[in-house]
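The structure under discussion appears below in the form of structure tokens.
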Amino acid sequence: MYTQEDQRRLYDLSKKLSSDDNLPQNSASALQLGEILRYHEWRYYVQDDPQISDYEYDLLFKKLEAIENKFPELIVPDSPTQRVGSDISEAFKTVKHLIPMLSLENSYNAEDLIDFDKSVKKLADFPEDAQVEYVVEPKFDGGTIVLVYENDNLVRASTRGNGTIGEDMTHNAKVMHSIPLKAAFSGRGITRVELRGEALIKKDTFDKINKKREAEGLQLFANPRNAATGGLRTKDAKDSAARGIEAFVYQMGFAETKDGSNALLKFKNHHEIIEYLGELGFKIPQNNIETKVCKNISEVIDFCNAWQEKRDIYDYEIDGMVVKVNDLQTQYACGSTSHHPRWAVAFKFKAKQATTQLLSVDFQVGKIGTITPVAKLQPVQLAGVTVSSVSLHNEDFINSKDIRIGDFVLVERSGDVIPYIVKVLPELRKGSEIPIRFPKFCPFDATMTNVLVREEGEAAYRCLNCICGRQDFQKYVYHASKDAMDIEGLSKATIERFVQAGWIHSFADFYRLDYEKISKLEGFGKRSAENLKEAIEKARKNSIQRVLNSLSIHHLGRRASKLIAAEVDYVLDLQYYDVEKLTAIKEIGPVLAQNIVDYFSDEKNITLLRDMESCGVNMYATEEDKKAAVSTTGSLLGKTILFTGALMQFTRESAEKLAAENGATIVSGVSKNLNILVVGEKAGSKLVKAQAIKTIQILSEQEFVELMKDWE
Ligand code: IVH
């Protein structure tokens, strides 16, 4: 339907129009907006592969609405604003809802919520300083269901359809155990009632279903929402039942008594209605955890923000929160537009994914010579922060995703996880994209003679014989960092200046800086030179676990340094340790032991340590070193480990190699003998199996990375 060229043009146009704050309010803009909105609807609904976030779509939609509101003569019949949201197809019997189900207006931040609160007070004729009570609930991301009960029996279930007419799906609702077939509404004199709710599939149930479909050779569902909405509309209730759909209820839209009067008037507020539905056996969000009655809008804002952080660990997909005026009389006073109630608003979470262009690739050199490719991106907003670069990890990662310079990429950042590239959008390629070539030589070596090597089984290229000084520089930065000697005020930029000034040629030089000279540097002054002197004075007295960690010995990280410091009295005694003696120390494996032996057999290193010692750096175990009661959790030595799902920061081989280097044994299946399961994206049956065995420790990829950091 859309050629690759069309898609590129429409994507470029979307980005241009969404960031243009001075868009002309004319027919040309309206036509362009209409065209791109239709394109993105096709991507979303037909291709099931959205190219822009819901946020960007809403932004474009609102721009079109604004033009059409000002110049109604520009409204064309096929304008996206004229479409009533509908999921009706020919295949199902249609039913008319007892009262129309409206949509919700969206809000995106605290200011929007404050505006909403102001408008509620205005509509309800409350003073400006009044405190309105709200109920905040999750905005479930599934399929809407509308349930009708007559004389306590479920008589009909339907989809939302276009809001007025929905599709009958009673046969499917009857197999969902969370929807009571009978509910005692008559206890309160209610004879007919219409409830609204959401049909959802738990995230882990979804994984199980897809795994099963994979084994059966069926097409996989894209996400839990698609699986749920599709499940509502299967012809055969058995197919629907197999998806484990659950239904939450969140609104009583209509209720009447025997004599036809409005039974909603029996209730004072929304919260009371939901609790009542819970008592009747419906599934409702948990009070004070998933839903909360808030005294005022500032409590609402806090609750929404807290959930924005927690959304990833929730069992169900949610894309925001819904804020509703609690008191029903106040709701009536606010009323509705033809599109949405004025007493409710959706608070949409910030998009976790966005598309942007990959502009260039930098190759960074780490402290032990590892070359890491880092992509520079056209800056983009992701879950509230601007992201302008992202690690490409290594050559295998780049090849497996076929990432090229100039490509548009989908980037994701969820929770505290570092941003990563989910995929490339090949349909947006112009043909001018450039494959990423790994450098053959150290990128900082002007002579271009220092060949990088990728050792057998390693994921990374390394520069083993640094001549450009870059590795030393990274070692200096690490030496002063928080995890190592923790020298406050010695930032990367300051170290760079000191190195350029010719003051730093080894770690020892940090401890004989000339503070007179420093105080004369531009931007420094007496005060900061004094502060630096104090910080370095403090660092001289550090425990030897910090000293050991600060040396950048391969694999000797925080944790191993701590273990060794608990055993050794004097750093230079390590000259007399062989592999056997080192591996006798709890948790120290043979690879690390060999690295330590190599380091302490090198005369240069011994000279350096003696030099540091002569500058006053402590080399004797302190009380802190001796009392280091190292907990054994987190150690991989002697443990069995298995990786499952797609890892974002490693290839499978490099993750396994790293684990093996740290003493773990890689196994191939889940059994009682498995100690640790590391789960990546779209983990399936292995995760489910492991969850059933209580002794297995389940780690996310990020937790595994954190654990490894201690060892690096
Ligand atoms: S209240 C009059 N509450 O959001 C508005 N809707 O357009 C009645 N949704 O597709 C909706 N969670 O299915 C309400 N806690 C919640 C909701 C919720 C999800 C969905 C609903 C509809 C859309 C609103």
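The condition of being surrounded by 19 or more Cβ atoms within 10 Å (Cβ to Cβ), assigned to a helix (DSSP H, G or I) and in contact with a Pro (Cβ under 9 Å, 6 or more places away or on another chain) holds for I398. For the range 171-181, the count of residues that are assigned to a strand (DSSP E or B) and more than 27 Å from D302 (Cα to Cα) is zero.
Within the range 648-683, the residues that satisfy the criterion of being of a type in the set (D, E) and assigned to a helix (DSSP H, G or I) are E653, E656, E661.
Of all residues in the range 123-145, those that are at pLDDT 95 or above have Cβ atoms under 7 Å from Cβ atoms of residues that are among the aromatic types (F, W, Y) and within 16 Å of the ligand (Cβ to nearest atom), 6 or more apart or on another chain, in V136/F303; E137/Y250; F140/F248; F140/Y316. When each of S432, S360, S400, S389 is tested for being out of contact with any Leu (no Cβ under 9 Å at 6 or more places or on another chain) and closer than 22 Å to Q702 by Cα, the lone residue that passes is S400.
Between K203, K238, K266, K174, the distinction of being touching a Gly at 6+ places or on another chain (Cβ under 8 Å) and not aliphatic (A, V, I, L, M) belongs to K266 only. Filtered by the rule that a residue be part of a loop (DSSP other than H, G, I, E, B), surrounded by fewer than 17 Cβ atoms within 10 Å (Cβ to Cβ) and at pLDDT below 90, the range 406-429 gives S414, G415, D416, I418.
Here I553 meets the list (1) touching a Ser or Thr at 6+ places or on another chain (Cβ under 8 Å); (2) closer than 30 Å to A659 by Cβ almost entirely, failing just condition (1). Within the range 300-323, how many residues turn out to be in a strand (DSSP E or B) and crowded, with 20+ Cβ neighbours inside 10 Å? Here the count works out to 5. Among the residues making up the range 341-357, those that are of a type outside the set (K, R) and either away from the ligand (no atom under 13 Å from the Cβ) or in a strand (DSSP E or B) (or both) are P341, A344, V345, A346, F347, A351, Q353, A354, T355, T356, Q357. Inside the range 23-77, residues that are on the phi < 0 side of the Ramachandran plot and either among the charged types (D, E, K, R) or assigned to a loop (DSSP other than H, G, I, E, B) (or both) make up a count of 27. Somewhere in the range 261-281, is a residue touching a residue at least 24 places away in the same chain (Cβ under 8 Å), within 27 Å of the chain's Cα centre (by Cα) and assigned to a loop (DSSP other than H, G, I, E, B)? Checked the range 261-281: no residue is touching a residue at least 24 places away in the same chain (Cβ under 8 Å), within 27 Å of the chain's Cα centre (by Cα) and assigned to a loop (DSSP other than H, G, I, E, B).
Across the range 684-698, which residue is nearest to the chain's Cα centre (by Cα) among those that are assigned to a helix (DSSP H, G or I) and of a type in the set (A, V, I, L, M, F, W, C)?
Going through the range 684-698, the residues assigned to a helix (DSSP H, G or I) turn out to be 685-692.
If we keep only those that are of a type in the set (A, V, I, L, M, F, W, C) too, we end up with 687-688, 690, 692.
Working: L687: 20, V688: 22, A690: 23, A692: 26 Å.
Ranking the candidates gives L687 first.
Looking at G457, is it over 28 Å from V568 (Cα atoms), in contact (Cβ under 8 Å) with a residue 60 or more places away in the chain and small (G, A, S)? Yes: the conditions hold for G457. A search for C-beta distances below 7 Å between a residue of the range 186-213 that is closer than 17 Å to Q251 by Cβ and any residue that is more than 16 Å from the ligand (Cβ to nearest atom) and polar (S, T, N, Q), counting only pairs 6+ apart in sequence or on different chains, returns I190/T257. Looking only at the range 175-194, filter to residues that are surrounded by 14 or more Cβ atoms within 10 Å (Cβ to Cβ) and more than 13 Å from Y149 (Cβ to Cβ); which one of those is farthest from the ligand (Cβ to nearest atom)? Top of the filtered list is G189.
With the condition kept exactly as written, say whether any residue in the range 560-567 is in a loop (DSSP other than H, G, I, E, B) and under 27 Å from L707 (Cα atoms). Taking every residue of the range 560-567 in turn, at least one turns out to be in a loop (DSSP other than H, G, I, E, B) and under 27 Å from L707 (Cα atoms). When residues in the range 92-109 are screened for being assigned to a loop (DSSP other than H, G, I, E, B) and in contact with an Asp or Glu (Cβ under 6 Å, 6 or more places away or on another chain), 3 of them pass. Across the range 80-101, a minimum of one residue is classified as among the acidic types (D, E), more than 16 Å from the ligand (Cβ to nearest atom) and modelled with pLDDT under 90. For the range 616-626, the set of residues classified as surrounded by 15 or more Cβ atoms within 10 Å (Cβ to Cβ) and under 17 Å from K533 (Cα atoms) consists of V617, N618, listed by residue number. In the range 297-340, the qualifying residues are those that are of a type in the set (G, A, S) and within 30 Å of G244 (Cβ to Cβ), and the one that is nearest to the ligand (Cβ to nearest atom) is G320.
Here the condition is being more than 16 Å from the chain's Cα centre (by Cα) and at pLDDT 90 or above; of V453, V390, it holds for V453 alone. The single condition among (1) out of contact with any Lys or Arg (no Cβ under 6 Å at 6 or more places or on another chain); (2) part of a strand (DSSP E or B); (3) buried (at least 21 other Cβ atoms within 10 Å of the Cβ) that Q331 does not meet is (2).
The values are calculated or read from the model by the stated rules, or taken from the named source; none is laboratory data. If you're wondering where the values come from, they're calculated on a predicted model, not measured in any experiment. Here the Cβ is made from the backbone with ideal geometry for all residues, glycine too, and neighbour counts use every protein chain on show.
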